[in-house]
Amino acid sequence: MEDAKKIKRTNWIVQIALPIIILSVIFLLLRSMLDNMTFRFILACIMILAGLMHILFLAKTRNKIYLIPTGFYTFAALTFVFATKNHPAITILLVVCTATLFVFLMYTLIKRKIKWRYREVLELAARYVADTGNGFTQRPYPVAHVTYSRDDITRFARFILKYGIAYPYYEKERVVFVIPQNMLLHLLKIRQNYLKETHIIFNSHGEVAVTITKNDYQKYQDELSFDQLCAALGSLFIDFLEKYLNDQGKEIIEKMNALKFVV
Amino acid sequence: MDFKKVSRISNLLSKSFAQDFFQLLVTYHDISASQAASRLDLHIKTAQDFLEELHNFDIVEKYEVLEKKRPYFRYTIKKLKFSIDVDLSALYPMDNIALQLEQKVRERKNAEAIFSTAEQQSLISSITIFVGQGRRRKERKINLTVSQGKFLYYLPFPTSPYLSIREILQKADINESHVAEILDIVNLLRDFKIIEFSN
């Protein structure tokens, strides 16, 4: 596994510790303020919402791995509602199912089977860039002409979404691969405008163009040569497309997993 | 006739009283500014300026007369017919186009402009330029033609090597007949410090 070389390191306090602390405080406050039944009902509602969200991910990405979190949240919700001292058999069954699914969920998370690959994509693109020198522009960078059919690019787009690498938008003459910092906003259709996010366009004439936003450019430790960075990101996706069309899709995922990124 | 001269004469002819004034000039053998002003109910200065402009364009003739030792001018029509010849090709200098096409350009670093990409197409649809600073800062949006948009799409990035305008035209597959409009936007963006030229 490799650590981040080009992209700025994650702020663990902000990204991990702070949300855990805030959630724990809310949890403890609710526990002390509410009676047992209400508290369990609220937790069950949260679990149902999380489960529904994962059903949506499952439907959108067609990645069966989302069955594990869906199952976990569903059983967790049932446990909070139905697990009582009056029904020990049901309680044991639900707790065992929830615990088993929790173990599976942890396994998928550790093995990075469920992960949005935003930082990995930015890191991999930057590894091809050696020169520095700020030359940021929000214009798109025409990378290359590639040969592919509409069917090729559509299948590739499904694969890319399945593994959380990018969010594809299908347009009449092109497919746009958005690299969002928050994939959830696109999956839930809260954000549908990709122009303010880093994206790669594959059009029907085989032209590939890349746009990198200032926000994403500032995520790098150095001011990398901007044209080279755009070219590298475009080349990375062209390489992914070639690998996918040659039935080497697994290599793409292995390449991503080789990076030691947790968030 | 150069364009400024055409503008001046057109401005003269477009005055609300122009037709009545010319009618007066062709009717009378000669007329003074005060006579014309009183006849048309104009201010004497307006009539004087109008006649002086006609004289500058050689449409009327003027001569000085003395009345009770006070000199003044009288005007008489010189041409009953005149034409305005506008040559628009003079506005488009073709002579150094070849030289201009060899100039190497690229986007300037930290250019204060927003490039808007066209939906569904590989071209820039408009460019928003910021002029001035602080409270006086204004934005100016320029909508681009398709060929201009294609040209700016392929314009080298600030850290890329310079390319000649001709090379960019080839890369963007732009027809030679659009060269003039490309040079126009290049020169405009150079003035706004968005495009830089190689020395």
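The values are calculated or read from the model by the stated rules, or taken from the named source; none is laboratory data. None of these values were measured; they are calculated from a predicted model. Cβ coordinates were reconstructed from backbone atoms using ideal geometry, including for glycine residues, and neighbour counts include every protein chain displayed. To get the accessible areas, we keep the full protein, side chains included, count just its heavy atoms, and leave off ligands, DNA and RNA. Shrake-Rupley method; radii C 1.70, N 1.55, O 1.52, S 1.80 Å.
Table for the structure above
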read-out	value
Three-way shape label, region B:121-171, alpha-carbon gyration tensor, a/c 1.5	oblate
Interface residues in region A:211-255 - accessible area drops by 30 Å² or more relative to the isolated chain, probe 1.4 Å	A:227
Within the accessible area of region A:34-110 (1.4 Å probe), percent carbon and sulfur	82
Per residue convex hull volume, Cα atoms of the protein assembly as shown, in Å³	264
In degrees, nearest ten, helix B:3-13 long axis to first principal axis of chain B (Cα)	40
Chain A: angle of helix A:150-162 to the longest principal axis, Cα-based, in degrees nearest 10	40
Separation between Cα centres of region B:132-199 and region A:26-63, rounded to whole Å	54
Occluded residues from region B:137-168, i.e. those whose accessible area drops by 30 Å² or more once the chain is not alone (1.4 Å probe)	B:153, B:154, B:157, B:159
Size of charge dipole - the protein assembly as shown - debye, nearest 20, with Cβ of Lys, Arg +1 and Asp, Glu -1, no other charges	1920
Solvent exposure of the protein assembly as shown as accessible area per residue, Å², 1.4 Å probe	58
Test item: Cα-centred dipole of region A:118-257, Lys/Arg +1 and Asp/Glu -1 on Cβ, debye	580
Gaussian network model of chain A, springs between alpha carbon atoms under 10 Å - residue of A:63, A:134, A:86 with greatest fluctuation	A:86
Principal-axis tilt of helix A:67-82 within chain A, Cα atoms, nearest 10 degrees	20
Computed E for residue A:150/residue B:79 - FRET, C-beta separation, R0 56 angstrom, nearest 0.05	0.20
Accessible area in the full protein assembly, largest first, 1.4 Å probe, for A:121, B:146	B:146, A:121
Sites residue A:171 and residue A:62, calculated FRET efficiency, Cβ-Cβ separation with R0 25 Å, nearest 0.05	0.75
Rounded to the nearest 20 debye, dipole of chain A from Cβ charges on Lys, Arg, Asp, Glu	780
Relative contact order %, chain B, counting alpha carbon pairs below 8 Å whose residues are six or more apart	17
B versus A: buried accessible surface, summed, Å² (probe 1.4 Å, to nearest 100)	1700
Segment residue A:158-residue A:34, length gained on full extension (0.36 nm per residue, minus Cα span)	40.2 nm
Percentage relative contact order, region A:118-257, counting C-alpha pairs under 8 Å, at least six apart	35
Within the protein assembly as shown, helix-based [θ] at 222 nm, where runs of 4 or more DSSP H residues each add -39,500 (n - 2.57), nearest 500	-14500 deg cm²/dmol
GNM top mover of B:73, B:115, B:157 - chain B, alpha-carbon springs below 10 Å	B:73
Candidates B:79, B:69, B:171, ranked by Gaussian network fluctuation over chain B, Cα under 10 Å, top entry	B:69
Relative contact order for region B:104-184, counting Cα pairs under 8 Å that sit 6 or more residues apart, in percent	31
Accessible surface of region B:39-78 [probe 1.4 Å, protein heavy atoms]: carbon and sulfur percent	48
Dipole of the protein assembly as shown [Lys/Arg +1, Asp/Glu -1 at C-beta], most positive-end residue of A:102, A:185, B:89	A:102
Amide proton proximity set for residue A:143, modelled H, under 5 Å, gap of 5+	A:208, A:209, A:210
For region B:64-122 and region A:112-166, distance of Cα centres in Å	48
